[in-house]
Every structure is written in structure tokens, then in C-alpha cells.
Amino acid sequence: MPRPRLTGLGGGLFACAAMVLVGGICWLLFGSSLFVYGLLFLPVAAATALWVRPADLITAPISVPIAFAAGVWPISGGSGGIGGQLMGLVSALSLHAGWLYAGTLVAALIAVVRKAVLIGRRRMPRRITQ
């Protein structure tokens with residue numbers, strides 16, 4: 001797996017772009033299936049948390065839910081008009097909040113584990129020298 005180092009903003013943009021692409025694919029190929037969208041959200045959340053720079057680890061669990069909301073808009077199923085589109089978006093977010101929470105949890109767990117490993121590596125040379 002490639003090891004790009006995205007900034008916090010880059011990680012958020014990557015996640016948003018990937019989820020809009022996933023939303024478009026779900027709309028075209030799967031008939032706006034929110035189940036498929038949720039399943040594809042989990043690897044995007046994991047990739048975002050894995051590819052962000054160590055200094056910006058805190059941004060991964062923050063940007064992933066924003067990306068979920070940005071990508072669900074094309075498949076939310078709202079009727080015409082801004083109000084109808086907004087109600088469709090809110091309905092899709094509320095009915096499929098489990099996927100949102102699961103992806104956020106995946107990103108948060110990966111960020112916490114990565115941070116713990118970084119702290120452990122930072123302390124290791126001190127123990128050896130003492």
C-alpha cells in the first residue's frame with residue numbers, strides 16, 4: 001500500500017473527493033444504494049487515517065464524517081428544490097448514522113494506534129541510553 005503523507009487539509013480533501021466519487025459510483029451502478037455507500041466508506045476512512053501525516057493525526061476522525069456527508073448528497077434521494085435536497089440529505093444521514101459512526105471509529109482507532117506507536121518509538125531511545 002502506498003505511503004503518501006497528506007496534510008490535515010489534504011486528508012480532508014482526499015476523503016471528500018473519494019466519497020463524492022463513491023457516491024457517484026453508487027448512484028450510477030447500484031441504484032443509489034446507501035448500504036454499498038456505507039461499506040465503501042469504511043476503507044476510505046481507514047485510508048485517510050493511514051495516509052495523513054503524524055503531525056495531523058487528529059484531523060482524520062474529524063474530516064471523515066464531513067466526507068461522508070459530502071458524498072451522500074448525490075444518492076440521498078431528495079426531491080426537487082433546495083429544501084427537498086436538504087431533507088433528503090438529513091434523512092440519509094440520520095437513517096445511516098451507523099455507517100458514519102463506524103467509519104469515524106475506524107479512523108479514530110487507527111489514529112490512536114498510530115500515535116501510540118509514534119510515542120513508543122520516541123521513548124525507546126531514551127530507555128536504551130539510560
Using helices alone, I'd like the mean residue ellipticity at 222 nm for the chain: each DSSP H run of four-plus residues gives -39500 (n - 2.57), total over residue count, nearest 500. -27000 deg cm²/dmol
Quick one: which residues, 5 or more positions from Leu6 or on another chain, have an amide H under 5 Å from its amide H? H modelled 1.01 Å from N in the peptide plane, none for Pro or chain starts. Val52, Arg53
Before anything else, pin down the relative contact order of the chain: Cα pairs under 8 Å, at least 6 apart, normalised by residue count, whole percent. 31 percent
How large is ³J(HN,Hα) for each residue in region 83-96, as worked out from phi by the Karplus curve 6.51 cos²θ - 1.76 cosθ + 1.60 (θ = phi - 60°), to whole Hz, x for Gly and Pro? x, x, 5, 5, 5, x, 5, 5, 5, 5, 5, 6, 6, 10
Once phi is turned into ³J(HN,Hα) by the Karplus curve 6.51 cos²θ - 1.76 cosθ + 1.60 with θ = phi - 60°, what whole-Hz value does each residue of region 102-117 show in order, with x for glycine and proline? 5, x, 5, 5, 4, 4, 5, 5, 5, 5, 5, 5, 4, 5, 5, 5
If you roll a 1.4 Å probe over region 1-124 with all protein chains in place, what percent of the accessible area is carbon or sulfur? 78 percent
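Please give the per residue accessible area of the chain, computed with a probe of 1.4 Å over protein heavy atoms only, in Å². Intermediate results must be reported in sequence, preceding the final value.
Details: 7510 Å² over 130 residues.
On a per-residue basis, the chain sits at 58 Å².
The values are calculated or read from the model by the stated rules, or taken from the named source; none is laboratory data. As the structure is a computational prediction, the values presented were derived from the model and not from experiment. What goes into the accessible areas is simple: the full protein's heavy atoms, side chains included, and nothing from ligands, DNA or RNA. Shrake-Rupley method; radii C 1.70, N 1.55, O 1.52, S 1.80 Å.
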